[in-house]
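These notes concern the structure reproduced below.
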Amino acid sequence: MELYYEQNLVNNNIDERIRKTKTFTIAKTICIIVALSVLMTSAMLVTNENFAMLLGILIAIAVPFIIAAIILGRINKRNNTEYDYTLDDEYLKITEVYFRSQRKVKHTIRLRTIESVGAFDSEGYKKADLAAQKKILALVNYDDEKAVLYILYNTDKGKRLIFLEPDRGLIIALKRAVSAVMVFDKSVADVEKYLNEKEILEQSAEDDEDDVEQVLMEDDSEAISNLDEVEDDSESNTYKEDTAQ
């Protein structure tokens, strides 16, 4: 039976940063326009006898705007990045999703090359950290360290240490797919336990919200019913008064 599991890691901060994203995009566009304008101006001064000196000055003016545009673009891209983790019998693929529209497979991990899996800041992580030649972040929530899992694996260019933000389903699927049980640090169980508790709390919070909404709806219905009764009594009293007269 073939194994397949996919997790979509949603970046909830994207919705909160819409205004910031627009501001960065506008600022980046302005920087590009200014840099191009300066470079076009330098092209118009080719016939000037002081062209070399003017070109150096204009390039010096344009360079900061070009650098600023690149930095703003990278920040904007990072703030609007989400991830898809796709696991099958042989590979774990990490796809970056930019602005919820553009997708690119960034990392492909052959499962047989995995050397160690564990929780961030565990004893196993400290050993993996020393062994890795390069670190890769593939997560969106940098504050919740208890939910972060590391994977140390081999590549043609050396050992890589990648950080993921898995759900319990991905961890379970990874355990089934990776035949070498010894690669899993005991701290993986702590991550599973933490994620399970987190799911229970989130579900409880959702149930509480549903209960509150139900109570409010019942209160509204009762208030409307009482109002109807008051109106009926009022009409009845008015009718009686008119009849008496």
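Some points to look at:
- Restricting attention to segment 4-23, the residues that are in contact with a Leu (Cβ under 8 Å, 6 or more places away or on another chain) and modelled with pLDDT under 90 add up to 0.
- Cβ-Cβ distances below 9 Å connect the following pairs, each with a first residue in segment 117-129 that is closer than 11 Å to Leu152 by Cα and touching a residue at least 60 places away in the same chain (Cβ under 8 Å), a second residue that is assigned to a loop (DSSP other than H, G, I, E, B) and open to solvent by 50 Å² or more (accessible area, probe 1.4 Å), and a separation of six or more residues or different chains: Gly118/Lys186; Gly124/Lys186.
- Screening Thr95 on (1) surrounded by 14 or more Cβ atoms within 10 Å (Cβ to Cβ); (2) more than 30 Å from Glu165 (Cα to Cα); (3) not aliphatic (A, V, I, L, M) shows it passes everything except condition (2).
- Residue in segment 118-140 that is under 27 Å from Tyr194 (Cα atoms), open to solvent by less than 20 Å² (accessible area, probe 1.4 Å) and among the acidic types (Asp, Glu) present: no
- Among the candidates Arg78, Arg19, Arg74, residue that is farther than 18 Å from Leu137 by Cβ, open to solvent by 80 Å² or more (accessible area, probe 1.4 Å) and not hydroxyl-bearing (Ser, Thr, Tyr): Arg19
- Filtered residues of segment 115-141 (kept if in a strand (DSSP E or B) and farther than 12 Å from Val188 by Cβ): Glu115, Lys134, Lys135, Ile136, Leu137, Ala138
- Long-range neighbours under 6 Å by Cβ, at least six apart or interchain, first residue within 18 Å of Leu130 (Cβ to Cβ) and of a type outside the set (Ser, Thr, Tyr) within segment 141-165, second open to solvent by 50 Å² or more (accessible area, probe 1.4 Å) and in a strand (DSSP E or B): Leu152/Glu115; Arg160/Lys134; Leu161/Lys135; Phe163/Leu137
- Residue pairs meeting the criteria (Cβ under 8 Å; at least 6 apart or on separate chains; first more than 15 Å from Leu164 (Cα to Cα) and of a type in the set (Val, Ile, Thr), in segment 174-201; second at pLDDT 90 or above and outside any helix (DSSP H, G or I)): Val178/Ile114; Val178/Val117; Val178/Phe184; Val183/Ile114; Val183/Glu115; Val183/Ser116; Val183/Val117
- With respect to being part of a helix (DSSP H, G or I) and aliphatic (A, V, I, L, M), Leu87 falls outside the description.
- Hits in segment 142-198 (condition: part of a helix (DSSP H, G or I), open to solvent by less than 20 Å² (accessible area, probe 1.4 Å) and of a type outside the set (A, V, I, L, M)): Ser187
- Only listed residue being farther than 30 Å from Pro166 by Cα, within 33 Å of the chain's Cα centre (by Cα) and part of a helix (DSSP H, G or I), chosen from Ile71, Ile14, Ile30: Ile30
- Residue in segment 169-191 that is closer than 25 Å to Asp15 by Cα, modelled with pLDDT of 90 or more and in contact with a Phe, Trp or Tyr (Cβ under 8 Å, 6 or more places away or on another chain) present: no
Each row is one residue, and each column tells you yes or no for (1) within 26 Å of the chain's Cα centre (by Cα); (2) over 24 Å from Asn12 (Cβ atoms); (3) at pLDDT 95 or above.
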residue	(1), (2), (3)
Ile162	yes, no, yes
Ile200	yes, no, no
Val230	no, yes, no
Asp233	no, yes, no
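- If you check Arg100, Arg112 for being outside any loop (DSSP other than H, G, I, E, B), open to solvent by 30 Å² or more (accessible area, probe 1.4 Å) and not hydrophobic (A, V, I, L, M, F, W, C), only one passes: Arg112.
The values are calculated or read from the model by the stated rules, or taken from the named source; none is laboratory data. Nothing here was measured: the structure is a model prediction, and the numbers come from that model. When we count neighbours, we look across all protein chains shown, and the Cβ atoms used for this are built from the backbone with ideal geometry, even at glycine. Side chains are part of the model used for accessible areas, which takes the heavy atoms of the whole protein and leaves out ligands, DNA and RNA. Shrake-Rupley method; radii C 1.70, N 1.55, O 1.52, S 1.80 Å.
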